[in-house]
Every structure is written in structure tokens, then in C-alpha cells.
Amino acid sequence: MDIATDIGQHFAKIGVDPLRRAFLSRRAVMPFRGKRRVAAEDVPERWRALMAAASPPRKRLVYLHIPFCANHCLFCGFYRNAYTAPRAADYVEMVLAEIAREAGAPAIAGNPVHAVYFGGGTPSALTADELSRLLRSVRGSLPLAPDCEITVEGRIVHFDPEKIDACLEAGANRFSIGVQSFDSEVRRRQGRRSTKQEAIRFLEDLRARDRAAVVIDLIYGLPGQSPEIWRQDLETAAALEPDGIDLYGLNVIPGTPLFTAIAAGKFPTASRLDDLGPFYEAGAAFFRRRNWRQVSNNHWARTTRERNLYNLLIKDGADCLAYGSGAGGSIGQTSYALSGDIELYAADIGAGAKPIGMMLESDGLELLRNRVTAGFEVGHLDLAGLDSAASTPVTPLVAPLLAQWQKAGLLTFDDGVVELKVAGRFWYGNLISAFHDILNDRLLPRREAA
């Protein structure tokens with residue numbers, strides 16, 4: 001099969017509105033692409049070898065997972081465990097033990113950690129003391145860089161002043177708050193308990209402390225969220241003067257309460273795919289007029305305080321040390337996921353073992369995939385850099401596809417540099433996935449590509 005035929009499956013539609021109809025569906029970037037599972041019996045020894053080896057000089061991150069939520073938001077595909085105080089207290093003790101146990105290992109104690117992310121679940125469901133102890137453990141046990149970004153993800157409900165101040169005193173310097181929409185009715189339908197005014201008051205109080213970057217997460221395409229409500233969401237968020245705002249398109253995930261309710265006809269349908277692009281375009285234009293800096297495809301910064309460092313570095317393939325049930329990490333060519341079953345996680349921690357549920361080894365294209373992902377994530381890809389890192393020049397393999405995407409209105413391709421247009425940024429997952437497919441098909445031995 002020649003290159004032209006091979007890449008035709010990735011072509012965008014010509015002669016249509018590229019924001020609405022460039023592709024039939026949005027593709028997700030699969031984090032485990034090009035990785036092979038390590039046999040379960042080999043995982044303990046492989047982990048010991050990883051911990052015994054000094055880390056090479058490269059950027060590093062920490063991800064700490066809190067797998068509890070006070071309630072299940074209808075759209076969310078990450079819900080795992082209902083929060084109860086006793087269960088969460090026991091869990092915190094286990095995570096503290098996991099961090100302390102590894103702190104002195106050569107793989108951990110070497111290069112500085114540049115960003116820490118407390119995600120979930122809902123980290124802010126924990127008590128003030130529990131949040132403080134976890135943050136202080138990370139800062140005291142791990143080699144954090146002096147300017148390390150330390151993010152705590154949270155929701156408005158239960159994130160009271162005591163918890164916020166405990167996080168700040170323990171070293172948190174960035175809060176990512178999942179608002180999704182300020183419209184009270186849209187929020188209620190998705191299982192959000194606080195009203196618009198309660199959300200505004202919470203964010204005003206958080207911002208008034210002026211001790212950490214404040215980032216607001218919004219979702220477009222929610223059921224009942226008209227273009228006018230979306231415009232009001234953008235205006236309300238910007239008027240609060242946060243340091244950054246994230247915009248994410250709704251993904252109706254099979255198995256979520258929202259998917260089930262819509263399928264049963266008990267809930268208004270979400271926005272169609274060809275309506276999501278205009279929502280994104282409205283958001284991008286809104287921030288462009290206000291001179292906000294677009295840090296990545298889905299993130300805009302108002303101030304220099306906001307760096308979005310964790311999200312940028314994870315896309316660039318930085319090592320990530322993972323802690324807590326359900327967390328995922330990587331060290332060099334090895335990726336791993338900790339057991340998402342809290343009982344299995346607890347059993348391993350009690351036995352003094354790392355609770356790894358899955359371990360994978362990358363093929364030889366991991367560096368190239370990371371460069372593609374990181375470049376498209378910020379809307380700029382230098383093909384000369386990609387060619388220099390590859391055993392075979394990549395540009396001849398993708399130039400016909402880039403020319404077709406340029407004709408479709410997704411990007412510009414000039415002098416070896418790809419610059420995404422607004423439509424290209426909206427469909428970035430499709431562009432990255434197409435590049436990954438071509439790299440697999442053309443640069444890997446046929447057996448590995450299969």
C-alpha cells in the first residue's frame with residue numbers, strides 16, 4: 001500500500017465547515033498506544049529494578065489520586081467510590097505509607113519534581129488535616145523543585161475555608177476548580193449541588209486570598225446549555241479574574257448516568273458533535289479578544305502565575321511518579337497503573353508491596369509520539385525536530401496529509417512548521433491519532449505495528 005492510499009483514511013472533509021464536519025467523530029489520544037503489557041509475574045522484580053536505578057536527567061511529575069466523591073456527577077466517567085470519612089481516613093494512611101516507603105529509593109531521590117497534581121475523584125472531599133498531611137508528606141519526602149507547581153483539584157461543595165487554608169499552609173500553589181457551568185439549572189441537572197451564586201462566592205473568596213493560581217474548568221455541550229448560556233458562562237468566569245480557564249467539550253461516555261438517562265429518553269439530549277465546534281470557537285474568540293494567552297488547546301491563562309505545567313509536561317512524556325489507588329505513572333520506557341480496587345491496593349500496601357495493577361513497556365517510537373502529542377497540544381509542530389529524532393525522516397510520510405488538512409482549513413503548513421487553526425485545535429485528537437497511526441505503520445517492523 002502506497003503512502004497516499006495509506007493516509008487517505010485520515011483525510012478531513014473538504015468544502016464543509018471544518019469546525020462542524022471535518023471528521024465524523026472525535027478521536028481520543030490513547031495513553032497506552034505502542035506499549036506492551038509486562039507479565040504479572042515479572043512486575044515485582046521489574047519494579048525493584050526501576051527503584052534501584054538512579055533517574056536520568058529529565059523532567060519529572062507526581063500524580064496523587066484520591067478515588068472518592070461525595071456524589072456521582074452525571075457526565076463523569078471517573079467515579080469509583082462514594083466518600084465516607086472512615087474509609088477516606090484509612091486510605092490517607094495507606095498513601096502516606098506508600099510515599100514514605102519509596103522516598104529514599106535512587107529512582108525517587110534524584111532529579112527534581114517540577115509539578116505535583118492531586119486529582120480524582122475529588123481531593124477536596126478529604127478533611128483539612130488529611131489534605132495537609134498528604135501535601136506535607138509530598139513536600140517533605142520527595143525532591144520538589146523550588147518552583148514546583150502543586151495543584152489540588154476540587155469542587156465547590158465541601159471545599160470550605162478551613163480546607164483551602166490548610167492546603168495553602170501545606171504548600172499548594174494552584175487550585176483547579178470543576179465548575180463546568182455557572183447556570184444553576186444546568187448544574188442541577190448534572191448533579192452539582194451548589195447554585196450559580198454559591199459558585200461565584202466560593203471563587204471570589206478563593207481568589208481574594210491571592211496565594212495560589214486559581215483555574216476554572218468549564219464544559220461546553222452540556223444538556224440544556226444553549227450558546228447564550230455558554231456565553232454567560234464565559235463572561236461569568238472571566239469576570240471573576242481567575243488565573244486560568246479550561247474549556248472541555250462534553251464527552252457522553254457509555255455507562256455514565258448521563259449516557260443512560262439520555263438513552264432512556266429521561267433527559268434532554270446533549271449537543272451534537274457538529275454543534276461542539278462552534279462552542280469551542282466562541283470560547284477561543286472570547287479569550288482572544290481579551291488578550292488571554294492560549295497555553296494549550298483547551299487552556300487559557302490570564303496571568304503569568306498560571307503555567308499549566310503538569311498538563312504540558314505529561315503530554316511531553318515527562319516521568320510521572322504515581323501514588324494512590326487508580327493512579328497512573330511512568331519511569332522511562334515503563335508505564336504503570338496502580339490497582340483501582342481499594343481493597344487490592346490496601347492488601348499490597350499492607351504487605352509492603354507497590355500495588356501495581358498493570359505495567360507496560362514502550363516500543364521505540366515513544367519519543368516521536370510524545371513530540372507529536374506535545375506539539376499539537378500547543379498548536380505548533382516543528383517537523384525538522386521530528387525528523388532529527390527519527391530513524392527515518394517523518395516529513396515525507398505526513399506531507400501529503402498535512403497538505404490535505406491545510407486545504408480543509410485545519411492548519412497551515414509552511415517551511416516545515418505546522419500551525420493549527422481554531423478548527424485544528426478543536427480536532428487535535430484526530431490529528432495526533434492520525435500521526436501516531438502513520439508512525440506505527442511506517443516506522444515499526446510489521447510485527448510490532450500489528
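Read-outs throughout are calculated quantities, based only on the coordinates presented, and are distinct from any laboratory measurement. Note that the structure is a prediction, hence the values are computed from the model and not measured. Reconstructed Cβ throughout: ideal geometry from the backbone, glycine too, with neighbour counts over all protein chains shown.
First check a/c for the chain, with a ≥ b ≥ c the square roots of the eigenvalues of its C-alpha gyration tensor; if it is under 1.5, answer rounded, and if not, answer prolate when a/b is larger than b/c or oblate otherwise. Since a/c reaches 1.5 but b/c is at least a/b, the shape of the chain is classed as oblate.
Using a simple spin-label model with pseudo-atoms 7 Å out from Cα toward Cβ, Glu241 and Glu204 lie 1.3 nm apart.
Here the gap between Arg272 and Asp129, fully extended at 0.36 nm per residue and compared with their Cα-Cα distance, gives a gain of 47.1 nm. The simple Förster model, with R0 at 30 Å and r as the Cβ-Cβ distance, assigns Met30 and Ala403 a FRET efficiency of 0.70.
Calculate the spin-label point distance for Glu93 paired with Ala40, positioning each point 7 Å from the Cα along the beta-carbon direction, and give it in nanometres. Output for this residue pair reads 2.8 nm. For Lys354, the lysines whose Cα falls under 23 Å of its own Cα, not counting residues fewer than eight places away in the same chain, are Lys35, Lys59. Computed on segment 383-450, with alpha-carbon pairs under 8 angstrom and 6+ residues apart, the relative contact order is 24 percent. Mind checking which of Ser132, Ser184, Leu50 is farthest towards the positive end of the chain's charge dipole, using Cβ charges of +1 (Lys, Arg) and -1 (Asp, Glu) about the Cα centre? The one lying farthest along the dipole's positive direction is Ser184.
Approximating the spin labels as points 7 Å out from Cα along Cα→Cβ, the Ala109-to-Asp441 distance works out to 5.0 nm. Could you calculate the FRET efficiency of Arg293 with Glu169 from 1/(1 + (r/R0)^6), where r is the beta carbon distance between them and R0 is 30 Å, rounded to 0.05? The formula returns an efficiency of 0.50 here. Counted residue by residue at 0.36 nm each, then reduced by the alpha carbon distance between them, the extension gain from Thr84 to Glu185 reaches 33.6 nm. Say R0 is 45 Å: what FRET efficiency, to the nearest 0.05, do Arg101 and Arg193 get from their beta-carbon distance? So, using R0 = 45 Å, E works out to roughly 0.75. Normalising the average separation of contacting C-alpha pairs (under 8 angstrom, six or more residues apart) by the number of residues puts the relative contact order of the chain at 19 percent. Compared with the direct C-alpha span, the chain from Gln232 to Thr304 gains 23.4 nm at full extension, assuming 0.36 nm per residue.
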